[in-house]
1. I'd like the full set of residues that are under 21 Å from residue 49 (Cβ atoms), at pLDDT 70 or above, open to solvent by less than 60 Å² (accessible area, probe 1.4 Å) and in contact with a helix residue (DSSP H, G or I) (Cβ under 9 Å, 6 or more places away or on another chain), limited to region 82-118.
2. Quick check: anything in region 42-64 touching a strand residue (DSSP E or B) at 6+ places or on another chain (Cβ under 7 Å) and either part of a helix (DSSP H, G or I) or open to solvent by less than 70 Å² (accessible area, probe 1.4 Å) (or both)?
3. Output the number of the condition that residue 129 fails; it satisfies all remaining conditions of (1) modelled with pLDDT under 85; (2) surrounded by 13 or more Cβ atoms within 10 Å (Cβ to Cβ); (3) closer than 24 Å to residue 30 by Cα; (4) under 17 Å from the mean Cα position of the chain (by Cα).
4. Does residue 123 meet the test of being touching a helix residue (DSSP H, G or I) at 6+ places or on another chain (Cβ under 8 Å), modelled with pLDDT of 75 or more and farther than 19 Å from residue 11 by Cα?
5. Here is a check on your reading of the model: is residue 48 without any contact (Cβ under 8 Å) to a residue 24 or more places away in the chain and out of contact with any Cys (no Cβ under 7 Å at 6 or more places or on another chain)?
6. Out of region 17-47, which residues are under 12 Å from the mean Cα position of the chain (by Cα) and of a type in the set (S, T, N, Q)?
7. Would you check if there is a residue in region 40-49 being over 26 Å from residue 120 (Cα atoms) and modelled with pLDDT of 85 or more?
8. Out of the residues in region 1-35 meeting the condition of being aliphatic (A, V, I, L, M) and outside any helix (DSSP H, G or I), tell me which one is surrounded by the fewest Cβ atoms within 10 Å (Cβ to Cβ).
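The values are calculated or read from the model by the stated rules, or taken from the named source; none is laboratory data. The structure displayed is predicted, hence computed values, not measured ones. Here Cβ is always computed from backbone atoms with ideal geometry, including for glycine, and neighbour counts include all displayed protein chains. Calculation scope for accessible area: heavy atoms of the full protein, side chains included, ligands and nucleic acids excluded. Shrake-Rupley method; radii C 1.70, N 1.55, O 1.52, S 1.80 Å.
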Amino acid sequence: MTERKTVVYPNPQVLAEAVAARTLLTIIDLLAEPNRKRVDIAVTGGTDGNRVFAAMNASPLNDALVESGRMPAANIHAMPADTRGAEEIAASPEQTDAVLAEAAAEYQRELIEQLGENPALDIAMFGMGPDAHFASLF
């Protein structure tokens, strides 16, 4: 069994840079496996995710992946968000549930199209928001 270790960073920016580096190195390691053509990853949004994305974007490791063609833009599939305007968001809870259910169903269709009938991801990144929710599960 693997022993768990807690690593504490001095501030959110250093944490983001460390997560970015570890994620990019993991992707590079996975792509080095024989016959490996792609790495499928789910990433978090929000404050933590945005800091990590900025650090990944600034990393020379990310540049190497993009320049080598191993991370084409066509392989990025954002989960749809609620695209209603402010006046529509004030709709009933039932209408909101229907909109979100359709967004989730559309994303599921996209994952199945990309990953097959039993989609699996290699990496799932979750954030801890400033209001203490984890992976938007609250």
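1. none
2. Going residue by residue through region 42-64, those that are touching a strand residue (DSSP E or B) at 6+ places or on another chain (Cβ under 7 Å) are 42, 48.
Filter again for either part of a helix (DSSP H, G or I) or open to solvent by less than 70 Å² (accessible area, probe 1.4 Å) (or both), leaving 42, 48.
Within region 42-64 (the criterion being touching a strand residue (DSSP E or B) at 6+ places or on another chain (Cβ under 7 Å) and either part of a helix (DSSP H, G or I) or open to solvent by less than 70 Å² (accessible area, probe 1.4 Å) (or both)), the answer is yes, since at least one residue qualifies.
3. Only one criterion is unmet by residue 129, namely (3).
4. Numbers: touching a helix residue (DSSP H, G or I) at 6+ places or on another chain (Cβ under 8 Å): yes; modelled with pLDDT of 75 or more: yes; farther than 19 Å from residue 11 by Cα: yes.
Yes: the conditions hold for residue 123.
5. Values: without any contact (Cβ under 8 Å) to a residue 24 or more places away in the chain: no; out of contact with any Cys (no Cβ under 7 Å at 6 or more places or on another chain): yes.
Answer is no for this residue.
6. Correct list: 23, 44.
7. Of the residues in region 40-49, the ones over 26 Å from residue 120 (Cα atoms) are none.
No, there is no match, as no residue in region 40-49 is over 26 Å from residue 120 (Cα atoms) and modelled with pLDDT of 85 or more.
8. Within region 1-35, the subset aliphatic (A, V, I, L, M) is 1, 7-8, 14-16, 18-21, 24-25, 27-28, 30-32.
The next check asks that each one be outside any helix (DSSP H, G or I); those that pass are 1, 7-8, 32.
On the way: 1: 3, 7: 7, 8: 5, 32: 8.
In this case the residue turns out to be 1.
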